[in-house]
Amino acid sequence: MRRRDFLILTAGVAGGRPTLSRAQQKAMPVIGFLGSTSPGELEPWLPAFREGLSETGYIEGQNVAIEYRWAEDRYDRLPALAADLVGRRVDVIVTRGGTPSALAAKRATSTIPIIFTSGDDPVATGLVASLPRPGGNLTGFSLLVGELMSKRLELASELVPRARVIALLVNPNYAATEAIISDVREAARVKGVQLQILKASTEGEIDSAFASLVQLQAGALVVSSEPFFTSRREQLATLASRYAIPAIYGWRELAAAGGLISYGPSLAANSRQAGIYAGRILKGAKPADLPVQQPTTFELVVNLKTATALGLTIPPSILARADEVIE
C-alpha cells in the first residue's frame, strides 16, 4: 500500500469515529414520557404501556430507553418539561394527563412524533386536523370524556332516583371544563334535576367542595374524569364515604379505590394501545398515517362494598349491565 493511500485510509477511520460513536449512542431509541401528574399516580397504567411496547418488540432497558418527566399536577410546568425532552432529542414523545400535556408537547416540537391521550375532542382543541387523518406529527387517543359525562349524570339519576339535586365536581383549571359543564347541564335539564357546580383544583378545595354538599342537599355527585381528580381517587372515595354521598366516576380505578360506581373506557387498554403506537413509530410509521383512535367499549363497575357502607341498594337495572362488581 502506498503511503498516500494509507494516510487517506487512516484519516477516514479517524474521521469516522465520531459518526460511529453517535450511531452507537442512538442504537437504543429513546421515548420521552410526559405526564401531568406524579409517577405514583400513573403507576397502575405504566405496565400496560410497557406491555404494548413489548408487543412490537421493544423492552424498556434492553432495546429502548424511556425518559420520564412529571408535572406533579402543575400544568404550568409542562412547557418546560416538554422543551427538555425535545432538547434531549428523544425519538418519540408520549403524553399522559389529558390535553394540557399534549398541547405542551405540540408547542415544543413540530418534528418529533407525539402520541397523546386526551379526554377532549382533539380536533376542537387543535391537536390534529381530523381523527382519520391527523396530519402533522401528532396522533393518539380520544377518550370521549365530554360525551360520557352526560351519560354519567343519567346513571347518577338512575342510581338515586329520588335525588332532585345532583352536584358536578370539576377542575376550573382544566381546558374542557366549561364544555363539560354545558353538556351536563343539558343532561340535567332533560332528566328534570337541578345541577350544582362545585369547583376544586387543590386537595383543600376538594375538602371544601364535599363539605358544601350537605348544605346543597345534593343526592348524588358526578366527578369530572380529569387527571387531577384521578390522581386524588383515594381522597375522593374517603370523602364520599364520610359525607355518605353516592358518587360516580369515569375510570375503573376510582371504583377500585373505594368509589361507588364508574363508567368509561379502560385506561389500561388505552395505555397498552399507546405502547403499540410508540413501537410502530419507532419502527418507522408516521403519526400522520396512524388514525386517532376512540374507545368502542366501556366499563360499568359497581363497588358493592361501598354501596353497603352507604346503606344504598344498587338498582337491579344497573347491576344487570355491570361489567364488574367489586365485593
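The values are calculated or read from the model by the stated rules, or taken from the named source; none is laboratory data. Just so it is clear, the structure is predicted and the values come from calculations on it, not from any experiment. Quick reminder, even Gly has a Cβ in these numbers, built from the backbone with ideal geometry, and neighbours come from all protein chains shown. Side chains are part of the model used for accessible areas, which takes the heavy atoms of the whole protein and leaves out ligands, DNA and RNA. Shrake-Rupley method; radii C 1.70, N 1.55, O 1.52, S 1.80 Å.
For the reader, a short list of remarks on this structure follows.
- Scanning the stretch 31-71 for residues that are more than 15 Å from the chain's Cα centre (by Cα), of a type outside the set (A, V, I, L, M, F, W, C), more than 19 Å from ALA105 (Cα to Cα) and open to solvent by 10 Å² or more (accessible area, probe 1.4 Å) yields ARG50, GLU51, SER54, GLU55, THR56, GLY57, TYR58, GLU60, GLY61, GLN62, ASN63.
- All positions within the stretch 207-236 that are farther than 22 Å from ASP183 by Cβ and either open to solvent by less than 10 Å² (accessible area, probe 1.4 Å) or not aliphatic (A, V, I, L, M) (or both): ASP207, SER208, PHE210, SER212, GLN215, GLN217, SER231, ARG232, ARG233, GLU234, GLN235
- Taken over the stretch 20-60, the criterion of being more than 30 Å from ALA257 (Cβ to Cβ), of a type outside the set (D, E, K, R), modelled with pLDDT under 95 and assigned to a loop (DSSP other than H, G, I, E, B) is satisfied by ALA27, MET28.
- Counted as qualifying within the stretch 138-243 are no strands (runs of 3 or more DSSP E), as none has 2 or more residues that are within 26 Å of ALA102 (Cα to Cα) and more than 23 Å from the chain's Cα centre (by Cα).
- Of all the residues in the stretch 303-319, those that are of a type in the set (A, V, I, L, M, F, W, C), over 28 Å from the mean Cα position of the chain (by Cα) and open to solvent by 60 Å² or more (accessible area, probe 1.4 Å) number 1.
- Scanning the stretch 178-188 for residues that are out of contact with any strand residue (DSSP E or B) (no Cβ under 8 Å at 6 or more places or on another chain) and free of Cβ contacts under 8 Å to residues at least 12 places away in the same chain turns up GLU178, SER182.
- Those residues of the stretch 40-53 which are in contact with a strand residue (DSSP E or B) (Cβ under 9 Å, 6 or more places away or on another chain) and closer than 19 Å to PRO113 by Cα, in sequence order: PHE49, ARG50, LEU53
- Cβ-Cβ under 7 Å pairs, at least 6 apart or on other chains, the stretch 280-302 side charged (D, E, K, R), far side crowded, with 17+ Cβ neighbours inside 10 Å and assigned to a helix (DSSP H, G or I): GLU299/ARG252
- Helices (runs of 4 or more DSSP H) contained entirely in the stretch 262-321, each with at least 3 residues that are under 23 Å from ALA237 (Cα atoms): 304-310, 316-321
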